[in-house]
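Asks: Would you mind keeping the following structure in view while I ask a few things?
Every read-out reported here was derived from the displayed coordinates using simple, explicitly stated rules and does not represent laboratory data. In this text the structure is predicted, and so the values were computed from the model without any measurement. Cβ placement follows ideal geometry from the backbone for every residue including glycine, while neighbour counts extend to all protein chains displayed.
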Amino acid sequence: MNYPLAQINLSALQHNLAIVRQHTAAKILAMVKANAYGHGLIAVAKALQSAEGLGVARLEEALALREAGIKQKIVVMTGFLNAEELESFIKHDLDAVVHSEFQLELLEKYRHPREGGDPVDVGLFDCFAISRKPTYFPLARERRGKIKIWLKLDCGMHRLGFLPAEAESAYQRLMQCELVQKPLTFLTHFPNADAKEDTLTQEQTQQFLQVVKFWEDEKSLSNSACILVNRATQDNWVRPGIMLYGASPFAHLSAQQFNLKPVMTLRSQLIAIRHFKKGSAIGYGGHWVCPEDMPVGVVAIGYGDGYPRHAKSGTPVLINGQQASLIGRVSMDTISIDLRSIENPAVDDEVILWGEGLSADVVAAHAETISYELFCRLTGRVKFQHI
Ligand SMILES: *Cc1c(COP(=O)(O)O)cnc(C)c1O
C-alpha cells in the first residue's frame, strides 16, 4: 500500500515563485525552514534554484543544503549560537542573522586559529585590534572567509532582534568587526501582516526605516502577507514562505484569489465502506450519531500521519473529486466519512485530504489551526513523491 502519500508538485512551486516576482522586484530569499514547510528540504531547494537565496531557521538545515550541493546564498534565521557554530558558518559560507548581544560578543572574540597550530588565546582585544596583529592567521584556507551578517531589528514582534534603541550600537560594533563582511543586511519581521485590519505593519515599517535611514545597507522586511498585498516596496530582499507552497497567510483571503497553486496534495484511500442504522454512534466518544440509515467510509489517514486530531465533523475531503465530510473524532490511523453525497463509492477509491481541489487553508480552519502547521506536522509514516 502506497498510502498515505504526499505528492509534491514542483512545477506548482515554481509557478508560485513566479507569483512572488509579479508582486515585487526585490531579490527573493525563499524560506525553506522546517523541511521546506514539510515539503522536503532538498527537492524543494533544488526546484528553487532561481531564487537569489534560501532561508532556514537552524544551522543543521543549512548544512543539509550544503551537503546536498546547494551553492546558493543561505541565511540562517537564528544565526550561530556558539563559537563552533560560528566556525561552521564561515567554513560553509552561510549568512547569519545576528539578533542578540551574545552573538556580537562571539564575533568580537573570534580568533582565527594560528596557521598550522592550535588556536591561541590572545585575550579580550576586539577584532579590530587583532586584525592588525600579524601573527594570527587562519588555519586553513576555507576558514579564511568573512561572515555575512543580517542584523535583526525588533520593531514589535518581540521575539528575536535588537530594539530600535539598541540598533546603532549593534550596527557600529559589527562594522568594526574584522570578521564581518560589509555591507550588512537589515531585517525585521512583522507580527500582524496577515491581520484583516492591520495598521501595525505600516507603523512598524516606518519605525524600521527611521532606524536604518542613515545606512546604505540592504533591507529585508516582507513575508508572504506583505508581498501579497504589495507592501514589499522597501525591500531589497523579500522572504516568502507559505505563498511558495500555495497556501494563504490570511484567514480572510484565499490562496486561489492570488492565483497560488497548492504544492502538496495529501492522498489516501477508502479502506472500508460500512452501512449503519439511524442512531449509530461513530468512533471514539460516539459524539457523531447517524441521523438516518447511511453509508460511512473509513479512510487510511489519522493523527498518526499528521492529519489534525482537532479537525471537526464537517471538515471536507475529496473522494473521486466529490466533496464529502469527516464525521466523528479523528483516530490515530483512520478517519470516518459521511458517504451520503458520494456516487458509487468503492474500497480503494482515492481520497484527497488537502491539496489539488481542496485548499489546506480550508482544512486548517476546520481544525482551528493554520496550513503552515498541517504541512509541517506530517509524520514519517506518510510517503513523499516529488513530481
Ligand atoms: C518563516 C519566516 C518568514 C516566512 O513567513 P511566511 O508567512 O511563511 O511568508 C519570513 N521571515 C522570517 C524571519 C521567518 O521566520
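Asks: Using the 10 angstrom Cβ neighbour count as an exposure proxy, how do Thr199, Thr233 rank, fewest first? Walk me through the intermediate numbers first.
Replies: Numbers: Thr199 9, Thr233 12.
Ranking Thr199, Thr233 by Cβ neighbours within 10 Å, fewest first, gives Thr199, Thr233.
Asks: Taking a ≥ b ≥ c as the square roots of the Cα gyration tensor eigenvalues, with a/c under 1.5 meaning rounded and otherwise prolate when a/b beats b/c, else oblate, which class fits the range 10-246? Please list the in-between numbers first.
Replies: Working: a/c = 2.49, a/b = 1.42, b/c = 1.75.
Note, shape of the range 10-246 comes out oblate.
Asks: Moving on to the next point. Do any chymotrypsin sites (Phe, Trp or Tyr not before Pro) in the range 148-257 lie in a loop, going by DSSP, with at most 14 other beta-carbon atoms within 10 Å of their beta carbon, and if so which? Don't jump to the answer; show the numbers that get you there.
Replies: Details: sites: Trp150, Phe162, Tyr171, Phe186, Phe208, Phe214, Trp215, Trp237, Tyr245, Phe250; in loops: Phe214, Trp215, Phe250.
Within the range 148-257, the qualifying chymotrypsin sites (Phe, Trp or Tyr not before Pro) (loop, at most 14 other Cβ atoms within 10 Å) are Phe214.
Asks: Now for a different question. Say the cut-off is 28 Å between C-alpha atoms; which of Lys46/Lys91; Lys46/Lys312; Lys73/Lys261 go over it?
Replies: Lys46/Lys312
Asks: Determine ³J(HN,Hα), in whole Hz, for all residues of the range 367-382 in sequence, where each value follows from phi through the Karplus function 6.51 cos²θ - 1.76 cosθ + 1.60 and θ = phi - 60°; x replaces Gly and Pro.
Replies: 10, 6, 9, 10, 4, 3, 6, 4, 5, 6, 9, 4, 9, x, 6, 7
Asks: Cut-off is 10 Å between beta-carbons; in what order do Ile352, Ile387 appear when sorted fewest neighbours first? Each step should come with its number before you reach the end.
Replies: Working: Ile352 20, Ile387 10.
With the fewest neighbours first, Ile352, Ile387 line up as Ile387, Ile352.
Asks: May I pose another question? Kindly state, as a whole number, the per residue volume in cubic angstrom of the convex hull around the alpha carbon atoms of the range 167-303.
Replies: Numbers: hull volume 28.8 nm³, N = 137.
Convex hull of Cα atoms, per residue: 211 Å³.
Asks: Sticking with this one: Using only the Cα atoms of the range 264-386, each taken as one equal point scatterer with no solvent, compute I(q) by the Debye sum, divide by I(0), and report log10 of the ratio at q = 0.19, 0.20, 0.22 Å⁻¹.
Replies: -1.00, -1.11, -1.34
Asks: Given contacts defined as C-alpha pairs under 8 Å and at least six residues apart, what's the relative contact order of the range 264-386, whole-number percent? Could you put the intermediate results ahead of the total?
Replies: Values: 281 pairs, mean separation 36.2, N = 123.
Computed value for the range 264-386: 29 percent relative contact order.
Asks: Okay, moving on. Fewest Cβ neighbours within 10 Å first, please rank Met294, Met77, Met264 accordingly. Numbers along the way, then the final one.
Replies: Details: Met294 16, Met77 23, Met264 28.
The most exposed by this proxy come first: Met294, Met77, Met264.
Asks: What is the antiparallel percent of DSSP beta bridges lying wholly in the chain, to the nearest 5?
Replies: Given both bridge residues lie in the chain, the antiparallel proportion sits at roughly 50 percent.
Asks: How large is the helix-only mean residue ellipticity at 222 nm for the chain, computed as the sum of -39500 (n - 2.57) over DSSP H runs with n ≥ 4, divided by its residue count, in deg cm²/dmol to the nearest 500? It would help to have the intermediate numbers written out before the result.
Replies: Numbers: 12 runs with 103 residues, N = 387.
Rounded to the nearest 500, it is -7500 deg cm²/dmol.
Asks: Here's another thing I want to ask about it. Taking 8 Å as the Cα distance limit and 6 or more residues as the minimum spacing, I'd like the relative contact order of the chain as a percentage. Walk me through the numbers on the way to the answer.
Replies: Details: 839 pairs, mean separation 70.1, N = 387.
With pairs under 8 Å counted, the relative contact order is 18 percent.
Asks: Here's another thing I want to ask about it. Find, among the GluC sites (Glu not before Pro) in the range 32-64, those assigned to loop by DSSP (not H, G, I, E, B) with at most 16 other beta-carbon atoms within 10 angstrom.
Replies: Details: sites: Glu52, Glu60, Glu61; in loops: Glu52.
In loop regions of the range 32-64 (DSSP not H, G, I, E or B), the sparsely surrounded GluC sites (Glu not before Pro) are Glu52.
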